[in-house]
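All remarks here apply to the structure that follows.
Taken together, the values in this text are just the output of simple stated rules run on the coordinates, not laboratory data. Please read these numbers as outputs of a predicted model, since none were measured by experiment.
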Amino acid sequence: MTGIQLILLTGVAFISLYFVTRLKKRVLDIIIIVAMIVCAVVFILWPGITNNLAKKLGVGRGADLIFYLSILIFWFVILKLYARIRKLEQQFTDIIRSDAIRKAEELGEKKE
């Protein structure tokens, strides 16, 4: 095992522990993360697999294939986070609106 493989495997291990402990009950997210971890470990330990897979898919090198797949994954994550932020903003708006209406009604009842 080379030094870079050891460094990468250690990084994957720390990242996996972090996400698995944070995603305790989200089964689909855990399945996706475990699949990504397994792929990362396989590609780190046997880099020839990525080169063979890349050639079958029409990509020059395995590193390029990993780069292209990373771009797709990052776009997915960014869009998922954007959708979650929009949902939270809507929830905050609804909570603040209902609180403002409730307070206005209380003030109206006090004046009467």
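Remarks
- Among 27, 42, 59, residue whose mean-square fluctuation peaks in a GNM of the chain (springs only between Cα atoms under 10 Å): 27
- Between 65, 81, 53, the GNM of the chain built on Cα springs shorter than 10 angstrom shows 81 fluctuating the most.
- Gyration tensor (alpha-carbon) shape descriptor, segment 1-45, a/c threshold 1.5: oblate
- Spatially close lysines, pair count over the chain: Cα under 30 Å, gap of eight or more or interchain: 6
- From the coordinates shown, percent of Cα pairs over 20 Å apart corresponds to which of (i) 62; (ii) 38; (iii) 48: (i)
- Between 62, 48, 11, the GNM of the chain built on Cα springs shorter than 10 angstrom shows 11 fluctuating the most.
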